Structures are given as structure tokens and as C-alpha cells.
Amino acid sequence: MKPIQVGLLGIGTVGSGTFNVLTRNQEEIRRRAGRGIEITMVADLNVERAREIVGDRARVVADAREIIANPEIDIVIELIGGYGIARALVLEAISAGKHVVTANKALLAVHGTEIFAAASAKGVMVAFEAAVAGGIPIIKALREGLTANQVQWVAGIINGTTNFILSEMRDKGLDFDVVLKEAQRLGYAEADPTFDIEGVDAAHKATLMSALAFGIPVQFDKAHVEGITKLAAADIRYAEQLGYRIKLLGIAKRRDDVGGIELRVHPTLVPAKRLIANVEGAMNAVMVQGDAVGTTLYYGKGAGSEPTASAVIADLVDITRLHTADPDHRVPHLAFQADELRDTPVLPISEIRTAFYLRLRVADQKGVLSAITAILAASDISIDAVLQRESNEGEHQTDVIILTHETQEGAMRDALAQMQALPTVLAPIVSLRKEELA
Ligand code: NDP
Ligand code: HSE
């Protein structure tokens with residue numbers, strides 16, 4: 001059978017990895033797919049660099065629309081990134097009847113509803129394994145491997161840059177700003193790392209996982225997003241003393257008690273004994289809890305040229321295998337059939353339930369702790385553990401660290417406002433959420 005023909009839009013980090021791995025493992029991939037898969041056209045703004053990568057094995061063009069217009073091309077891979085030209089090209093490729101593979105989590109988290117609807121109407125597939133956690137096959141796990149389950153929650157370290165920064169802060173006791181500069185110098189963090197450090201990239205990925213886990217549309221605008229920029233080395237140290245690590249987690253949780261979904265990204269205390277707490281450096285890991293399977297964990301490289309290419313090519317093989325299948329009987333884009341999506345609401349952050357870590361800078365005098373605990377008790381917030389740093393000689397203030405049991409975020413915010421107003425509380429209170437992930 002004639003090889004399936006693929007057009008590649010953008011041959012940068014992931015695009016070049018995809019071209020190289022597909023070339024290197026061509027024969028093995030053909031045996032798996034049942035048919036050869038060839039990238040026959042490549043579009044990139046930098047035509048010279050693209051030619052250096054592909055040699056004479058593919059035709060290089062500057063205009064991506066030449067690929068979309070070519071009737072010989074069966075699958076278009078979009079590896080340009082961003083919401084601008086990438087959105088237009090993906091919609092045009094769909095409209096031209098091409099299947100699409102993309103690693104673009106930002107595009108799908110924001111414009112996914114429009115893109116998946118267009119693909120369903122046209123009977124083509126949009127595959128995006130590489131968009132979440134790079135080389136880890138988490139989309140496949142959620143969409144197919146765990147399909148028997150009612151997923152209870154998904155929680156993941158899904159941004160390598162921030163996990164690298166948090167690991168370095170813990171190892172070396174350094175503050176965020178210092179480690180960020182080091183990460184940029186080493187090339188881990190981009191020149192503009194805003195999406196990573198502010199939690200936006202992780203929220204794009206968590207949004208996609210929430211849709212796959214719960215059969216809801218992609219709703220990035222409903223996600224609660226907090227990054228790691230305000231995290232102090234002191235909190236990482238105190239958390240450690242209490243048996244916890246701080247990780248930036250993307251969390252999607254079903255809340256049958258209120259008929260909603262929690263969708264949030266924030267720094268989170270995780271028990272140090274959990275495997276996920278020991279995921280260090282730029283590695284990613286995702287935990288999924290299903291009612292039948294229990295807790296599962298997926299670990300690997302969440303970024304990089306060839307790890308991400310591994311996921312892109314898995315999608316190419318999937319599409320090749322299903323190319324001739326009737327569109328209505330293919331695996332659905334978002335795991336649930338398109339007409340079976342639910343309008344279960346994503347809950348406002350005030351309605352989520354979680355435990356908390358609090359650090360209060362207080363005057364070192366009698367009655368301080370009882371005033372704080374009285375506010376928590378009146379708000380029906382139960383305390384799990386308290387740690388008070390001994391003040392140094394001549395120092396008249398100290399840190400009180402409190403771990404609470406699970407409570408409603410709204411109740412905690414009210415209690416925090418009351419505690420902050422105490423004259424003996426001397427600095428803004430640090431509050432971080434805690435998850436047992438059991
Ligand atoms: P790069 O910036 O390395 O590559 C993008 C390429 O697209 C560049 O070569 C760029 O050319 C080219 N390009 C830009 N505009 C056009 C256009 N209009 N037509 C054709 N080519 C164009 O990005 P990455 O490979 O890192 O990322 C690609 C996608 O993969 C993004 O969506 C990203 O979020 C996602 N991703 C990346 C991961 C990674 O590890 N890098 C991991 C997981 C997902 P030029 O350089 O000249 O601008
Ligand atoms: N900037 C992302 C990260 C790349 O640091 O994980 C992979 O999506």
C-alpha cells in the first residue's frame with residue numbers, strides 16, 4: 001500500500017525531532033502502523049534551516065498553505081505553536097479534509113471547542129498526545145486505557161520548567177528569582193518564561209485532561225491558575241519539616257457532592273512519601289484515580305525534541321491505523337462521544353475543598369496562637385499540625401506554621417482575612433493548598 005503522506009508545519013525543536021525519529025525508525029513504525037508513514041512536505045519560515053534538516057527527503061516550502069492545498073497530503077502536523085497563525089492553519093487543514101496532529105496545548109485549551117467541532121463535522125481526526133506531558137502517553141491512558149472508569153481525579157506535574165525550579169529551590173535552599181535566572185542560563189527556562197512560571201502552561205494541559213477525564217468541553221477560562229513566582233524558600237523548608245514537598249500541580253477533580261468539577265493549578269503540598277513528590281528536575285508525572293483501577297501514575301519526559309516527537313508519531317500511527325474507519329466509530333477526540341459531552345460546571349475556586357498550609361509571621365508573645373486557633377475553630381476549620389519556629393535571641397517575632405484538615409476554600413479565605421487583621425500578625429500570611437493524593 002502507498003505510504004501515508006504527511007505535511008509538517010514548523011520544523012523547530014519538536015518538528016525536527018519528529019522528522020528525525022520518523023526517518024530513523026521508519027521500518028519499525030511501518031510494521032506497527034501497517035503502512036509506511038512519510039513526511040513528504042515541510043513548511044517553515046526558515047527555509048534554509050529546514051533544508052539542512054530534511055535534505056532531499058522532503059520538499060521544503062515557506063508557505064504552510066501550499067501543504068494544506070496539496071491533495072496528496074493525508075495528515076498535517078502543526079508544530080508552530082501559539083494561538084494565531086496555528087489556529088487558522090489547523091482550521092484550514094480540517095476544512096481541506098486533512099487529519100491533524102498537534103502538540104499545541106495553548107491552541108486546544110483555548111480554541112478546542114471550535115477545532116473539535118470543525119473536525120467532527122468534516123469527519124477528520126485531531127490528535128494531540130504531545131500536548132500534555134510531552135512523551136508520556138497520558139492522553140491515550142485517559143481516552144482509552146482507563147475508559148472503563150469513572151475518573152475521580154487527575155493530578156500532575158505537567159510543567160518541567162517549574163518542577164526544575166522547585167527542585168533547585170529545595171536542594172539548594174535558594175529563592176525563586178535566583179533559581180529562575182540559573183534555569184534561563186542553563187536553557188531550561190525560556191527568555192520569556194511567563195506561561196510556565198505563572199502556571200498558564202500547566203493550566204492549558206490540565207484543561208485538556210479535565211475534558212478527557214470528565215466528558216466536559218475544554219474550558220481554559222474557568223481554570224483557577226496560580227504559578228510559583230511568590231513561593232519562598234522558607235515555605236519549602238517548613239513543608240519539608242512537616243513531611244511534605246511543594247509541587248506545582250494541575251488538578252482536575254470530580255465533585256459529585258455539588259455536581260461540579262474542580263479545575264485548578266497552584267503550588268501544592270504533597271506528602272514526601274508519595275512517588276509524585278519525588279519527581280525531580282524537568283520530569284513530568286501524572287496521577288489518575290479511577291473508581292475501578294484505583295490510583296495510577298505515569299512518569300517521563302514532558303518536553304524535549306525526541307520525547308515530544310515520540311508522542312507526535314504515536315498519533316500519526318493511530319491515524320494511519322484508523323484512516324479507513326468510519327468517522328462515527330473512531331475513538332472520539334475528547335474520549336466521550338461528541339454529542340455526549342455534559343454541562344457539569346467547573347466550580348469557582350471558593351467552592352473547592354482542600355487542606356491548607358499556613359505560615360504566619362507573628363509577634364513572639366503570649367496569646368498569639370490561641371487568637372489564631374480561635375479564628376480557625378470559629379470558621380469550623382480543624383487543625384492537623386502546628387509548628388512554631390523558636391525565635392532567635394533578641395528576636396521578637398517568629399513563624400507559626402499550621403496544617404489544616406480539608407475545608408472549603410471560601411471558609412479559609414474568610415478566616416485568613418480575620419487572622420491577617422490581628423495586630424500580632426506582622427506580615428502577609430502565606431497560604432498553600434495541600435493534597436494527600438491517596
Ligand atoms: P519552535 O519554536 O522550536 O518551532 C516552531 C517552528 O515553527 C520554528 O521553526 C518557526 O520558525 C516555525 N514557524 C513559525 N511560524 C511559522 C509559519 N507561519 N509557517 C511555518 N513555520 C512557522 O517550537 P517547538 O518545536 O518547541 O514547539 C512547537 C509546538 O510544540 C508548540 O505548540 C509547543 O507548545 C509544543 N510543545 C513543545 C515542546 C518542547 O519540548 N519544545 C513540548 C511539548 C509541546 P522560526 O524559528 O523561523 O520562527
Ligand atoms: N514549557 C513546557 C515545560 C514545555 O516546561 O514543561 C513542554 O510543554
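In the condition set (1) within 14 Å of ligand 1 (Cβ to nearest atom); (2) farther than 21 Å from residue 306 by Cα, residue 206 is compliant with all but (1).
Reported count of residues in the range 152-174, each being assigned to a strand (DSSP E or B) and open to solvent by 10 Å² or more (accessible area, probe 1.4 Å), is 2. Within the range 1-29, restricting attention to residues that are farther than 20 Å from residue 135 by Cα and of a type outside the set (Gly, Ala, Ser), the residue that is modelled with the lowest pLDDT is 1.
So for the range 129-146 (the condition being away from ligand 1 (no atom under 16 Å from the Cβ), assigned to a loop (DSSP other than H, G, I, E, B), aliphatic (A, V, I, L, M) and in the same structural domain as residue 184 (by TED's automatic domain parsing)), does at least one residue qualify? For the range 129-146, residues away from ligand 1 (no atom under 16 Å from the Cβ), assigned to a loop (DSSP other than H, G, I, E, B), aliphatic (A, V, I, L, M) and in the same structural domain as residue 184 (by TED's automatic domain parsing): present. On the given criteria, is residue 294 out of contact with any helix residue (DSSP H, G or I) (no Cβ under 7 Å at 6 or more places or on another chain) and more than 16 Å from ligand 2 (Cβ to nearest atom)? Yes. Return yes when residue 378 is open to solvent by less than 70 Å² (accessible area, probe 1.4 Å) and either closer than 14 Å to residue 238 by Cα or of a type in the set (A, V, I, L, M, F, W, C) (or both) and no when it is not. Against the criterion (open to solvent by less than 70 Å² (accessible area, probe 1.4 Å) and either closer than 14 Å to residue 238 by Cα or of a type in the set (A, V, I, L, M, F, W, C) (or both)), residue 378 does not qualify.
Just one of the listed residues (384, 339, 343) is without any contact (Cβ under 8 Å) to a residue 24 or more places away in the chain, within 30 Å of the chain's Cα centre (by Cα) and open to solvent by 60 Å² or more (accessible area, probe 1.4 Å), namely 339. Is it the case, given these coordinates, that residue 218 is at pLDDT 95 or above and within 16 Å of ligand 2 (Cβ to nearest atom)? It is false that residue 218 is at pLDDT 95 or above and within 16 Å of ligand 2 (Cβ to nearest atom). Of the residues making up the range 275-310, those that are buried (at least 17 other Cβ atoms within 10 Å of the Cβ), within 15 Å of the chain's Cα centre (by Cα) and among the hydrophobic types (A, V, I, L, M, F, W, C) number 9. Considering only residues in the range 175-204 that are away from ligand 2 (no atom under 11 Å from the Cβ), among the acidic types (Asp, Glu) and part of a helix (DSSP H, G or I), the one that is least open to solvent (accessible area, probe 1.4 Å) turns out to be 182. Cβ-Cβ contacts under 9 Å between residues 6 or more apart (or on different chains), taken from a first residue in the range 184-198 that is more than 17 Å from residue 82 (Cβ to Cβ) to a second residue that is within 10 Å of ligand 2 (Cβ to nearest atom) and in a loop (DSSP other than H, G, I, E, B), are listed as 184/190; 184/193; 188/282; 197/159; 197/189.
Taking helices (runs of 4 or more DSSP H) as the structural unit, those lying wholly within the range 1-119 and holding at least 2 residues that are over 29 Å from the mean Cα position of the chain (by Cα), within 10 Å of ligand 1 (Cβ to nearest atom) and surrounded by 16 or more Cβ atoms within 10 Å (Cβ to Cβ) correspond to 47-54. Do we find that residue 240 is surrounded by fewer than 24 Cβ atoms within 10 Å (Cβ to Cβ) and under 28 Å from residue 140 (Cα atoms) in this structure? It is false that residue 240 is surrounded by fewer than 24 Cβ atoms within 10 Å (Cβ to Cβ) and under 28 Å from residue 140 (Cα atoms).
The values are calculated or read from the model by the stated rules, or taken from the named source; none is laboratory data. Bear in mind the structure is a predicted one, so any value in this text is a computation, not a measurement. Quick reminder, even Gly has a Cβ in these numbers, built from the backbone with ideal geometry, and neighbours come from all protein chains shown. We work out accessible area using only protein heavy atoms, side chains counted, and drop any ligands, DNA or RNA first. Shrake-Rupley method; radii C 1.70, N 1.55, O 1.52, S 1.80 Å.
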